Amino acid sequence: MKIMSFQASLAAALVLAAAWLASPVSAQTQAAPAAPVQSTAQPSAVSPAPVVAPPMTPQAAAPAAAKSDTAAGIAPAMKELSPWVMFMSADIIVKAVMIGLAFASLMTWTVLIAKSIELSIAATKLRSALKKIAEARSLAEAQMALGAKEGILPSFLAAALREARMSAGLSSDTGIKERAASSFSEIMRAEARRIRVGMGVLATIGSTSPFVGLFGTVWGIMNSFIGISKSQTTNLAVVAPGIAEALLATAIGLVAAIPAVIIYNYFSRVTKSYLELVSRASGAAGRLLSRDLDRSHGSVHSRAAE
């Protein structure tokens, strides 16, 4: 019986060996690492059932990929932050603020060019007219020296002659001079208003542009924080573009305001110098009127003496 059982065991061993040799090599390599896992597993432990994750949609996969990249330390590439790119990427309100400030800056430089030419021409003409009447002895001679030209000094001379003509026959020279001085003051005020046209625009731009730019900055930063809350990340590549676009509005506001203030102060000094020339012209016309009045009274007295 022992011999038969040994032969049966030997035959079973041979069958198992033949089956093992006939199995493919890949099956042997796959089964080999499984042995240590089974050997290290505790007999009492129960392996959990595998959990099958539900399929992810493309919308859900994008934030998950972004979170995994952030967790892994991989930062998204930052886009180019040139002024034009920041302007095109800005919110519509911030764009409107930037366009308005750029238009204000254009108006500032336009006023600078126009007023510089206007003041230069007006001051040159007035100085030339004052030189021409420096040797004139009467209002009529002064008008002949100036000719038919238009300007502030011919206006003074015309007002003086008109007052002398309308006051003919009156013996009070003081009243004539006072009425002529009143006419001169009206002409000077009108000229001051005319020469200051455009300076109010400079004052408005210089005082309001920084606050308009600040409004654009506040609006842009508010949108940046809204974008941060939506993306749920504080990565610099996500935060920096929106903040840079907002700060660009403040920069444009300062670019518009600083030249406006400087140009306004410059024109204030130039306008004051020009108005001093106008005052000199008024004084010259008043002196000519006084000479004519004295000369007319002198001739009257000489005829009365004869």
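Just so it is clear, none of the values below were taken in a lab; they were calculated from the coordinates. What you are looking at is a predicted structure, and each value in this text was computed from that prediction instead of being measured. No Cβ is skipped: glycine too gets one built from the backbone with ideal geometry, and neighbour counts run over all protein chains shown.
For (1) in contact with an Asp or Glu (Cβ under 9 Å, 6 or more places away or on another chain); (2) of a type in the set (Ser, Thr, Tyr), each residue gets a yes or a no:
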site: Ala164; (1), (2): yes, no
site: Thr174; (1), (2): no, yes
site: Asn223; (1), (2): yes, no
site: Gln232; (1), (2): no, no
### Task
Please go through segment 265-279 and pick out each residue that is surrounded by 14 or more Cβ atoms within 10 Å (Cβ to Cβ) and either among the acidic types (Asp, Glu) or within 18 Å of Ala134 (Cα to Cα) (or both).
Leu277, Val278
### Task
Could you grab the pairs with beta carbons closer than 9 Å, sequence gap of 6+ or different chains, first residue in segment 85-108 and closer than 15 Å to Val255 by Cβ and touching a residue at least 12 places away in the same chain (Cβ under 8 Å), second one in a helix (DSSP H, G or I) and acidic (Asp, Glu)?
Met86/Glu245; Phe87/Glu245
### Message
Checking Ile258 against (1) farther than 19 Å from Trp109 by Cα; (2) out of contact with any helix residue (DSSP H, G or I) (no Cβ under 6 Å at 6 or more places or on another chain); (3) surrounded by fewer than 20 Cβ atoms within 10 Å (Cβ to Cβ), only one condition comes out false. Which one?
### Response
(1)
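Does Lys149 qualify as being assigned to a helix (DSSP H, G or I) and more than 24 Å from Ser296 (Cα to Cα)?
Details: assigned to a helix (DSSP H, G or I): no; more than 24 Å from Ser296 (Cα to Cα): yes.
Judged against the criteria, Lys149 is not a match.
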### Task
Would you mention how many residues in segment 127-145 are assigned to a helix (DSSP H, G or I) and crowded, with 18+ Cβ neighbours inside 10 Å?
4
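To keep it simple, each residue is scored yes or no on (1) under 22 Å from Ala284 (Cβ atoms); (2) surrounded by fewer than 18 Cβ atoms within 10 Å (Cβ to Cβ).
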site: Leu161; (1), (2): yes, no
site: Met166; (1), (2): yes, yes
site: Ser172; (1), (2): no, yes
site: Gly175; (1), (2): yes, yes
site: Arg189; (1), (2): yes, yes
site: Val197; (1), (2): no, yes
site: Pro210; (1), (2): no, yes
site: Ile226; (1), (2): no, yes
